[in-house]
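The values are calculated or read from the model by the stated rules, or taken from the named source; none is laboratory data. What you are looking at is a predicted structure, and each value in this text was computed from that prediction instead of being measured. Neighbour counts are summed over all protein chains in view; Cβ atoms, including those assigned to glycine, are modelled from backbone coordinates with ideal geometry. Accessible surface areas use protein heavy atoms only, side chains included; no ligands, DNA or RNA. Shrake-Rupley method; radii C 1.70, N 1.55, O 1.52, S 1.80 Å.
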Amino acid sequence: TDAPTYLGGMASSTFRDLREHREALRDATVRAGFFPIGMENDTAKGADVIDSSLAMVGRAAAVFLVIGRKYGQTPKDPEHNPTQLSITELEFNEAIRLDRPIRFYDMATEHLLPDGQTELNTTNRRKLEAFRKRARERAREAVPGGVHRVWDSFTSAADFRAKVTQALAELRES
């Protein structure tokens with residue numbers, strides 16, 4: 001579908017473990033003159049979480065995918081999520097389907113995290129690594145029509161903040 005006519009930048013990531021990163025992204029988004037889109041700003045709290053998340057991707061002019069060390073919420077919905085993917089992975093799939101520009105950020109192994117911020121579930125850990133690999137591969141693909149996809153990693157919250165600020169400035173200029 002067509003890209004939105006206003007400048008909305010969507011934060012797509014797990015929530016609790018990346019709260020500081022999402023806040024940095026939201027702040028940088030506003031400073032760059034974009035409207036922040038994310039679960040923090042979602043007014044449709046009573047709506048189906050999958051439908052609401054995919055609608056946010058549809059409203060976004062660009063998606064900022066942040067992959068940390070947790071796979072994330074996986075709604076059990078045989079109709080909307082038969083393969084039991086995380087919300088973040090569903091958002092990624094929708095951004096690919098809609099040919100949205102995507103800026104991928106992968107948390108480097110050097111990034112220090114508090115206890116409890118790493119995926120412990122073996123199945124989810126495998127899903128997370130498969131998702132990370134697929135996202136990295138999709139970032140390297142040539143996309144027709146000038147859709148911009150870039151992969152980057154970050155080693156700290158400060159490093160992430162600097163990279164997001166730069167990416168938003170570049171996106172604003174394009």
- Using a Gaussian network model of the chain whose springs link C-alpha atoms within less than 10 Å, name the residue from ARG136, ARG100, ARG16 with the highest mean-square fluctuation. ARG16
- Task: With springs connecting C-alpha atoms under 10 Å apart, model the chain as a Gaussian network and identify which of ASP51, ASP106, ASP17 has the largest mean-square fluctuation.
- Result: ASP51
- On the accessible surface of the chain, probed at 1.4 Å with all protein chains in place, carbon and sulfur together account for a percent value of 52 percent
- Fully extended contour minus Cα-Cα distance, from ARG16 to ASP115, at 0.36 nm per residue: 34.4 nm
- Summing -39500 (n - 2.57) over every DSSP H run of at least 4 in the chain, dividing by its residue total and rounding to the nearest 500, the 222 nm mean residue ellipticity is -13000 deg cm²/dmol
- With springs only between Cα atoms under 10 Å, which of GLY33, GLY72, GLY116 fluctuates most in a Gaussian network model of the chain? GLY116
- Item | Average accessible area per residue (Å²) across the chain - probe 1.4 Å, nucleic acids and ligands excluded | 53 Å²
- Item | Charge context of PHE104, other residues only, Cβ under 14 angstrom, K/R +1, D/E -1 | +4
- Taking the highest mean first, how do the peptides 122-129, 20-27 order by number of other beta carbon atoms within 10 angstrom per residue? 20-27, 122-129
- Per residue, what volume in Å³ does the Cα convex hull of segment 43-134 take up? 124 Å³
- Using a/c under 1.5 as the rounded threshold, could you call segment 79-174 rounded, prolate or oblate? The axes a ≥ b ≥ c are square roots of the C-alpha gyration tensor eigenvalues, and prolate needs a/b larger than b/c, oblate otherwise. oblate
- Task: Please label the shape of the chain as rounded, prolate or oblate, based on the square roots a ≥ b ≥ c of the eigenvalues of the alpha-carbon gyration tensor (a/c under 1.5 means rounded; beyond that, a/b larger than b/c means prolate, else oblate).
- Result: rounded
